[in-house]
Amino acid sequence: MDLNELYQTVILDHNRRPRNFRALDHPDRTAAGDNPVCGDQFTVFLKLKDGVIEDIGFQGQGCAISKASGSVMTSMFKGKSAEEAKELFEDFHRLLTTGDVDPAELSDMSAFAGVHQFPARIKCATLTWHAALAALAGESEEVRTEDEPS
Ligand code: ZN
């Protein structure tokens, strides 16, 4: 199995069985993300405790990349502070735009390295991440990827 196949397997698995794919009861923050170019629409729900993401969920519909990316994002953000979440997003965004994977830091996030070959899909991959960061920042407006330089 080559690396691309492995990456596809990870993405397909997260798409088929997305982690944390649920709305939270009484969330502290929510934010919606809309990627009209592809038709991806998700809402992210957060529970915060002492500045840390105690629980996180997401719901909605979209392509395999957007849904799998939401699954990976929620798995990685749980237990993290807003600052740590922002750093994870910066790593993820670098990965999506360069395709460079640090072999020392392989994670499910690494599966998205191939997306850099399809720049239009970067917005799919970052949609739920932008929504989660907006929710963390306390912004409740809808995040539209068209406004993002991506
Ligand atoms: Zn999409």
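The values are calculated or read from the model by the stated rules, or taken from the named source; none is laboratory data. Bear in mind the structure is a predicted one, so any value in this text is a computation, not a measurement. A quick note on method: Cβ atoms are made from the backbone with ideal geometry, for glycine too, and the neighbour counts reach across all protein chains shown. Heads up: the accessible areas ignore ligands, DNA and RNA and are worked out on the full protein's heavy atoms, side chains in. Shrake-Rupley method; radii C 1.70, N 1.55, O 1.52, S 1.80 Å.
Annotations
- For the chain, averaging the sequence separation of C-alpha pairs within contact (under 8 Å, six or more residues apart) and dividing by the residue count gives a relative contact order of 31 percent.
- FRET efficiency, SER81 to GLU5 (Cβ-Cβ, R0 35 Å, nearest 0.05): 0.50
- Rg to Rh, two decimals, where segment 1-84 supplies the alpha carbon set and Rh follows Kirkwood: 1.02
- When the chain is described by a simple charge dipole with +1 on each Lys and Arg Cβ and -1 on each Asp and Glu Cβ, the residue from THR43, VAL101, VAL115 located farthest towards its positive end is THR43.
- Shown here for segment 41-141: GluC sites (Glu not before Pro) in loop regions (DSSP other than H, G, I, E, B) with at most 11 other Cβ atoms within 10 Å, namely GLU141.
- Formal net charge of residues neighbouring GLU84 (Cβ-Cβ distance under 12 Å; K, R +1; D, E -1): -1
- Note that segment 72-133 presents 45 Å² accessible area per residue, ligands and nucleic acids not counted, probe 1.4 Å.
- Only helical runs count toward this figure. For the chain, summing -39,500 (n - 2.57) over DSSP H runs of n ≥ 4 and dividing by all residues gives -13000 deg cm²/dmol at 222 nm.
- In plain terms, the chain from ALA137 to ASP50 could stretch by 29.9 nm, reckoned as 0.36 nm per residue minus the Cα-Cα distance.
- Projecting the Cα atoms of ALA32, SER66, PHE21 onto the charge dipole of the chain, computed from C-beta unit charges around the Cα centre, puts PHE21 farthest toward the positive end.
- A 1.4 Å probe run over segment 1-41, with the rest of the protein chains in place, finds 65 Å² accessible per residue.
- Extension gain from ARG22 to VAL37, taking 0.36 nm per residue of separation minus the Cα-Cα distance: 3.0 nm
- Heavy-atom accessible surface of the chain: percent carbon and sulfur, 1.4 Å: 48 percent
- Here segment 60-150 is treated with +1 on each Lys and Arg Cβ and -1 on each Asp and Glu Cβ, and its dipole about the Cα centre works out to around 360 debye.
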